[in-house]
Amino acid sequence: MSRWIVVGICLFMALTMFPASARGGDHQRLIVAPDGPFMTIDAALEAAETGDVIEVHGGVYAAPLIIEKSVTLTGIGQPVIDGQGEGSLVYIRATDVTLQGFDLRNSGSVQHHQDAGIVVEAQQATLIENNLTDVLYGVLFANAAGGVAQQNTIRGKENEPSLRGDGFNIWYSNDISLLDNTVVYTRDTLVSYSNGLTIRGNHFEDNRYGLHFMYNNGALVEDNTFVNNSVGAFLMYSHDATIQNNIFAYNRGSSGYGLALKDMDNVTATDNFFVGNNAGVYLDNSPSLVDVYNTFRGNTFVYNDEGVTSLPSVSRNIFTENSFLENTEQVSMRGREILSRNQWSFEGRGNYWSDYAGYDRNGDGVGETTYQADQVFENLVDEYPVIQLFAYGPVVQAIEFSGSAFPVLRPQPRLVDDAPLLNYRFPPYLEKQSSTMAWSTLAVSLGLLGLAMLPMLMVVKRPIRKKSASYPQAKASRVSIAPDRQESVPMITADHLSKHYGKHRILNDVSFSIQPGEAVALWGTNGAGKTTTLRCLLGTVNFQGQLTVNGLDVKREGKRVRASIGYVPQETAFYDMTVGQTMQFYAKLKKVAVTDITPILERVGLAAQVQKPVHNLSGGMKQRLALAVSLLGNPPLLLFDEPTANLDTQSRQEFLQLVHTLNHDGKTILFSTHRPDEVLSLATRVLGLRDGQVILDGAPDALLQEIGLSQWLRMWIPPHHWQAAIALLSTSGFRTAPNGHSLFVQVGSQSKISALRLLETAQIPVEDFDVVDSSFVPEVQS
């Protein structure tokens with residue numbers, strides 16, 4: 001009996017003398033900080049036991065970090081793990097490890113070592129809210145099933161795409177979840193031999209392949225954005241994939257596919273949005289099994305070079321309730337033409353085709369005649385791609401007329417849709433209500449729309465889901481028009497900028513800089529190089545020389561540059577939505593909170609028009625809407641390409657006043673014009689272009705001397721305000737000369753718009769004004 005008493009006493013002492021953290025009860029929380037108690041993460045890991053939490057406070061810590069215990073490492077204040085250009089930064093070699101809130105940077109650059117930010121070699125790892133920059137590979141999962149990577153940002157080394165590593169590289173790791181991550185400047189996100197994947201809510205931009213996918217079955221790919229990659233997603237040798245609610249935008253590399261499928265079986269692709277790609281969808285031997293179908297339902301293909309393209313042997317794909325909107329070729333074949341073996345309607349529901357010329361007799365939304373893709377020119381382009389040079393020209397009309405006049409010349413249809421739809425639809429997440437498009441307007445404005453939408457779509461990115469409880473979201477701030485900027489950095493710098501089209505020189509060794517807050521006019525006649533300069537800034541054309549915007553190199557960081565720019569073209573085509581729906585559409589694409597929309601509409605005077613259809617707006621109101629769209633995301637720089645060219649006098653004045661107010665509030669303005677009066681009323685500086693060269697860089701008054709005009713303004717003022725205007729101007733020292741319906745006013749070299757401001761203050765309306773030669777001025781009154 002005494003022996004058991006001794007044992008009991010020993011157990012009692014063990015339970016009371018040792019702390020809970022040391023005896024396996026409650027887990028420890030260890031603190032790592034520059035001033036202790038642990039000075040290094042390695043020291044804390046050495047002391048930690050399974051289930052412990054290690055808090056790492058702000059500071060810079062050495063790599064590599066090797067985690068061989070099942071612990072949670074939480075960064076407080078975004079601590080940095082710096083590899084200083086050597087090897088990989090973090091190795092996870094124990095199950096159930098969590099790594100959250102770290103800044104990982106500067107991995108090595110050795111490809112055959114796969115130098116990476118994080119190497120996961122164990123199951124059930126969780127990576128949350130880490131920022132990986134200047135890393136060769138981002139995250140490697142190798143035989144590491146059940147891992148989760150959520151809300152991480154991976155930015156690779158800015159090498160040529162073929163010399164970069166992968167953002168995520170997943171190898172033999174089932175049930176991996178990639179959620180709400182951002183991956184830029186990497187080679188691919190490469191996934192191989194891994195089943196049960198969930199890839200949701202991620203943003204892939206400026207990579208070679210946004211997603212490269214081989215031998216992975218049962219994957220779910222949804223709510224992702226693939227933008228400005230060579231290929232958005234290329235899925236191969238897998239089955240039972242679900243691809244839904246994704247955006248594939250402007251993937252235009254050497255292949256330029258939005259989504260490519262090779263030997264893919266039993267794929268369901270639903271409610272995806274394909275815009276501006278070389279080809280929206282590319283099909284190669286998919287499906288590969290003879291008893292399997294792939295289904296494409298509810299997808300939208302808009303302004304792609306080819307909506308869907310496939311090899312001639314591809315069959316057993318079902319296309320139903322998709323919308324094909326103004327693609328250069330709605331559907332094309334790679335190779336010799338044969339009747340499409342795919343199915344273009346299902347259960348009485350076909351697809352919407354913007355070039356369908358049929359009708360709906362009974363109002364059921366389905367056309368009474370079939371849609372056939374049998375255009376002669378399109379078929380010739382498929383076989384001889386070089387002749388696409390003649391697209392949109394008279395040659396096309398001549399060829400199609402021949403096909404109509406001589407049916408024997410018409411090719412066999414590449415597809416027949418026996419139940420074409422009369423109404424298009426956008427995916428539900430774009431909040432688009434079913435309606436029809438104003439196709440006549442879009443056809444006229446297609447080129448302008450492509451340029452206008454490019455900077456908007458280049459920054460498309462989905463909203464990140466709500467963060468975990470330990471990292472609360474910041475409260476939404478009130479929208480601000482004034483940009484955040486550093487005064488010391490020029491907003492625009494052009495150094496020896498040149499642009500040639502063959503032997504024709506558009507811009508010739510142009511150099512200038514524009515400081516934040518300036519309002520600069522690009523003045524010149526048609527062909528002087530104004531629009532080409534703006535296109536160079538947007539990165540939509542190649543050029544020679546150096547060009548920076550807000551400190552960013554246009555060639556190397558074009559997408560970030562466009563995020564700093566709001567662009568308003570001469571004329572913009574909009575979908576046939578309401579003003580509010582249009583703003584919500586572009587806010588979604590630009591990842592801007594919808595709460596920002598109302599203040600912007602109030603700023604441009606459209607708050608009362610939010611429910612009005614765009615097609616019911618006047619020209620001036622439409623241009624205000626284009627300005628409102630350009631302000632989404634609060635860019636510091638606004639570019640305008642002859643924005644008032646199509647406006648009446650009153651609308652032009654009101655629009656220029658809006659732009660003047662934005663400049664007064666801190667926006668940098670660069671606008672092209674051939675109207676001297678706009679230069680005088682808006683610009684603080686003028687850059688004059690002639691034959692692609694800068695002939696003038698100075699104050700707006702210098703423009704009048706350059707073009708040989710005296711400094712006379714001709715104003716149109718309502719007759720019942722004439723006497724008050726003449727009296728006010730004369731007593732203020734201005735020389736005036738009335739003539740018919742207008743009033744001439746001479747302005748001094750330092751007071752070019754003083755007369756306008758004087759009248760504005762006195763609430764005397766000026767309906768329009770212009771600059772004229774002194775020979776037009778009648779007898780002068782003083």
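The values are calculated or read from the model by the stated rules, or taken from the named source; none is laboratory data. Note that the structure is predicted; figures quoted are calculated from it, not measured. Methodologically, a virtual Cβ is constructed for each residue, glycine included, from the backbone with ideal geometry; neighbour enumeration extends over all protein chains shown. Side chains are part of the model used for accessible areas, which takes the heavy atoms of the whole protein and leaves out ligands, DNA and RNA. Shrake-Rupley method; radii C 1.70, N 1.55, O 1.52, S 1.80 Å.
Quick notes on this structure:
- What the Cβ-Cβ distance of Asn508 and Thr598 gives, at R0 = 41 Å and to the nearest 0.05, is a FRET efficiency of 0.35.
- Residues Glu760 and Asp691, FRET efficiency given R0 of 45 Å [Cβ-Cβ distance, rounded to 0.05]: 0.75
- Over 20 Å (Cα to Cα) - which of Lys157/Lys262; Lys530/Lys588; Lys555/Lys667; Lys157/Lys555; Lys499/Lys530; Lys559/Lys590 fall in this group: Lys157/Lys262; Lys530/Lys588; Lys555/Lys667
- Here each label is just a point 7 Å from Cα along the line to Cβ, and for Asp418 and Ser254 those points are 4.3 nm apart.
- Most to least accessible of Phe234, Phe296 (protein chains only, probe 1.4 Å): Phe234, Phe296
- R0 of 60 Å, Cβ-Cβ distance His496-Arg361: FRET efficiency to nearest 0.05: 0.40
- Placing a label point 7 Å from the Cα of Asp768 along the Cα-to-Cβ line, the residues of region 598-642 whose backbone N sits under 15 Å from it are 620.
- The peptide list 631-640, 312-321, put in order of mean Cβ contacts within 10 Å with the highest first, becomes 631-640, 312-321.
- Using a simple spin-label model with pseudo-atoms 7 Å out from Cα toward Cβ, Leu163 and Asn143 lie 3.3 nm apart.
- Note on exposure: Glu654, Glu46 ranked by accessible area (1.4 Å probe, complete protein assembly) read Glu46, Glu654, with the most exposed listed first.
- Of all accessible heavy-atom area on region 476-707, the percent that carbon and sulfur account for (1.4 Å): 44 percent
- Region 623-652 versus region 74-145: alpha-carbon centroid distance in Å: 45 Å
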